[in-house]
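Undergrad: I have a structure here, written as structure tokens, and I will follow up with some questions on it.
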Amino acid sequence: MRPTLQPKLTARATYTVPIERTVPHLLPEAGHFAQMPQVLATGYLVGLVEWACMQALDGHLDDGERTLGIHVDLSHEAPTPPGQTLTIDVELAKTEGRILTFEVTASDEAAVVCRGTHQRAVIDLDRFESKLSARTADGQVPA
């Protein structure tokens, strides 16, 4: 981790919701989802929050380092229909060793959609992949 990885780092991401990121498309093999309204799925919202947090870290990690999401505590307070733009604001609130905690808010044109916290852990990618490989039956990580 670089010395610049300090609290107060921020990022703002915007994302216009396509129909493919609505609830019926979340898990096509699960019929329950197919019956739901076409609004941004919470699962995709979590992914967008993770992406915004990763963007805040651009330029602040050493070569070979990545971050993995380890905890999510987010509300999903309002529906966002396809075609609306979501704006996600994240701020690195604290660092505890390799654990990074972000404060998160997201809004669309009509309302606050999401607020909460997200934690990410800084990992050494080679070390992580080595441990992951050891967990598979033949030592190969599936492609």
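Undergrad: Using only the heavy atoms of the protein chains and a 1.4 Å probe, how would Arg135, Arg127 rank by accessible area, largest first?
TA: Working: Arg135 205, Arg127 155 Å².
Accessible-area ranking of Arg135, Arg127, largest first: Arg135, Arg127.
Undergrad: Just order 99-109, 17-27, 68-78 by mean Cβ neighbour count inside 10 Å, highest at the front, would you? Working shown, then result.
TA: Working: 99-109: 19.4, 17-27: 16.8, 68-78: 14.2.
Put in order of decreasing packing, that is 99-109, 17-27, 68-78.
Undergrad: Now for a different question. Roughly what percent of Cα-Cα pairs across the stretch 62-143 reach past 19 Å? Can you show the working numbers first?
TA: Values: 1846 of 3321 pairs.
Tail of P(r) above 19 Å: 56 percent of Cα pairs.
Undergrad: Now for a different question. Each residue of the stretch 79-84 in turn: what ³J(HN,Hα) in whole Hz from Karplus with 6.51, -1.76, 1.60 and θ = phi - 60°, glycine and Pro shown as x?
TA: Each residue's phi maps through the Karplus curve to give x, 10, x, x, x, 7 Hz.
Undergrad: Give the shape of the stretch 46-106 as rounded, prolate or oblate, defined through the alpha-carbon gyration tensor: a ≥ b ≥ c are the square roots of its eigenvalues, a/c under 1.5 means rounded, and otherwise the shape is prolate if a/b is larger than b/c and oblate if not.
TA: Values: a/c = 2.54, a/b = 1.84, b/c = 1.38.
Since a/c reaches 1.5 and a/b is larger than b/c, the shape of the stretch 46-106 is classed as prolate.
Undergrad: What does the extension gain come out to for Glu103 and Ser130, with contour length at 0.36 nm per residue minus their alpha carbon separation? Spell out each step's value before the answer.
TA: Numbers: separation 27, 0.36 × 27 = 9.72 nm, distance 3.14 nm.
Extending this stretch completely gives an extra 6.6 nm.
Undergrad: For a protection proxy built on the mean count of beta-carbon atoms within 10 angstrom, sort 80-92, 33-45 highest first, please.
TA: Descending packing order for the listed peptides: 80-92, 33-45.
Undergrad: By how many degrees, 0 to 90 and rounded to 10, does the Cα axis of helix 42-56 deviate from the longest principal axis of the chain?
TA: Value to nearest ten degrees: 50.
Undergrad: Additional query: Counting Lys and Arg as +1 and Asp and Glu as -1, what is the net charge of the other residues whose Cβ lies under 13 Å from the Cβ of Tyr15? Write out the running numbers ahead of the final one.
TA: Working: positive: Arg12, Arg21; negative: Glu20, Glu50, Asp89, Asp108, Glu109.
So the surrounding residues net to -3.
Undergrad: What does the convex hull of the alpha-carbon atoms of the stretch 2-45 project to on average, in nm²?
TA: Values: hull surface 19.4 nm².
Mean shadow area of the hull around the Cα atoms is 4.8 nm².
Undergrad: Continuing with this model, one more query. Any chance you could give the angle, 0 to 90 degrees and rounded to 10, that helix 125-135 forms with the longest Cα principal axis of the chain?
TA: That helix lies at roughly 80 degrees to the long axis.
Undergrad: Next question. Going from the alpha-carbon gyration tensor of the chain, what semi-axes, largest first and in whole Å, does one get by taking the root of 5 times each eigenvalue? Before the final figure, lay out each step's value.
TA: Working: eigenvalues 165, 102, 25 Å².
So the three semi-axes of the chain are 29, 23, 11 Å.
Undergrad: Between Arg12 and Arg66, what's the calculated FRET efficiency when r is the beta-carbon distance and R0 is 25 Å? Round to 0.05. Provide the component values of the computation, followed by the final result.
TA: Details: r = 22 Å, r/R0 = 0.87.
That pair, Arg12 with Arg66, gives E of 0.70.
Undergrad: Can you give the net charge of the other residues whose Cβ lies under 13 Å from the Cβ of Gly59, counting K and R as +1 and D and E as -1? It would help to have the intermediate numbers written out before the result.
TA: Numbers: positive: Arg2; negative: Asp58, Asp62, Asp63, Glu65.
Local net charge: -3.
The values are calculated or read from the model by the stated rules, or taken from the named source; none is laboratory data. All values derive from a computational prediction rather than experimental measurement. For neighbour counting, all protein chains shown are included, and Cβ atoms are generated from backbone atoms with ideal geometry for every residue, glycine included. Surface areas here come from the heavy atoms of the whole protein model, side chains and all, with no ligands, DNA or RNA. Shrake-Rupley method; radii C 1.70, N 1.55, O 1.52, S 1.80 Å.
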